[in-house]
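**Q** I'd like to ask some things about the structure below.
Where a number appears in this text, it was derived from the coordinates with a stated rule and is not lab data. Since the model is a prediction, treat every value here as computed from it, not as a measurement. Every residue, glycine among them, receives a Cβ derived from its backbone with ideal geometry; neighbour counts consider all protein chains shown.
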Amino acid sequence: MGDTVSTWISRDYRSALDNASVKAMTEKTTWFITGAGRGMGTEIAKAALAAGHAVVAAGRNPDAVSKGVGEADDFFGGFFEELSPEQIDRQFATNVNGPMNVTRAVLTVMRRQRSGHVISISSTAGLTGFEYCSAYAASKFALEDWMESLQPEVEPFGITTTIVEPGFFRTDLLEPESTTWPELSIDDYAERNPAQREPPLLFMAGADSIELAEQKLAALWQQIDAFRDLSASLAVDELELDATES
């Protein structure tokens with residue numbers, strides 16, 4: 001997706017952002033939404049339109065975007081050693097390089113108008129890793145650290161940033177058309193020994209590392225507490241879910 005997005009931006013996005021039809025929307029809040037062909041991108045676009053905002057919806061499949069169906073985040077599931085280098089490159093191209101390329105293009109406009117809000121959809125896999133999710137989690141960790149580094153860079157221009165970490169939502173992420181499984185199969189992973197002594201999952205080496213980690217934890221708790229009610233309101237009612245599945 002990295003090369004595809006870069007080409008598309010240079011050919012279409014940049015000209016669209018300067019187009020008179022886009023300038024005519026300046027009196028409204030304008031949402032530029034990528035991945036709008038399926039899943040959260042589609043629902044966010046619909047919600048923004050319903051609220052009366054202007055929406056520029058984009059995706060790798062323009063026909064799918066126009067229909068509101070067709071694409072979602074790519075998920076490469078499997079043990080790290082069983083995933084090929086090409087599969088991992090594709091995971092990062094979608095989840096890291098793509099957002100970077102799009103953001104680089106829109107920052108030019110946001111800096112000129114001295115306002116804007118960059119929102120990246122991450123995952124709880126960007127907060128903690130999961131078995132069979134190493135490539136996806138690594139890409140989301142990279143996305144989040146990039147966004148955190150971007151925030152102080154663009155803040156002086158009136159631009160804000162937000163990382164969204166969804167849990168399990170009923171999207172198309174794990175559907176066959178969005179999921180790719182490992183190309184390799186290694187017998188050891190089928191019969192791993194849980195009795196083996198495991199090293200620490202995380203080891204903070206040095207007092208400065210501990211201090212930095214504590215600052216990060218404090219900042220996370222502040223954000224969790226500030227928006228706890230809103231976050232909790234997104235939970236799916238178990239009775240409603242049971243009724244839907246029955």
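**Q** Output wanted: per-residue J couplings in Hz (rounded whole) for the range 78-86, from phi through Karplus 6.51 cos²θ - 1.76 cosθ + 1.60, θ = phi - 60°, x for Gly and Pro.
**A** Karplus values, whole Hz, x for Gly and Pro: x, 5, 3, 5, 8, 7, 6, x, 5.
**Q** From the backbone phi of the range 220-230, what are the Karplus-calculated ³J(HN,Hα) couplings (6.51 cos²θ - 1.76 cosθ + 1.60, θ = phi - 60°) in whole Hz, Gly and Pro given as x?
**A** 5, 4, 4, 5, 4, 5, 5, 10, 4, 5, 5
**Q** Quote the FRET efficiency, to the nearest 0.05, computed for Q222 versus S84 with a Förster distance R0 of 51 Å and r equal to the Cβ-Cβ distance.
**A** 0.80
**Q** Between D229 and L212, what length in nm is gained on full extension when 0.36 nm per residue of separation is reduced by their alpha carbon distance?
**A** 3.4 nm
**Q** Apply the Karplus curve 6.51 cos²θ - 1.76 cosθ + 1.60, θ = phi - 60°, to the phi angles in the range 204-217 and return the couplings in whole Hz, x for Gly and Pro.
**A** 7, 9, x, 5, 5, 5, 4, 4, 5, 5, 5, 5, 5, 4
**Q** Quick one: T108, T161, T30, fewest Cβ neighbours within 10 Å first, how do they rank?
**A** T108, T30, T161
**Q** If I take R0 = 30 Å and measure r between the Cβ atoms of L127 and T160 in this structure, what FRET efficiency does the formula 1/(1 + (r/R0)^6) give, to the nearest 0.05?
**A** Efficiency for this residue pair is about 0.90.
**Q** Order these by the 10 Å Cβ neighbour count, fewest first: S233, S134, S185, S123.
**A** Least crowded to most crowded, the residues run S233, S185, S134, S123.
**Q** What is the set of long-range amide H partners of F32 at a cut-off below 5 Å, with H atoms built 1.01 Å from backbone N?
**A** V56
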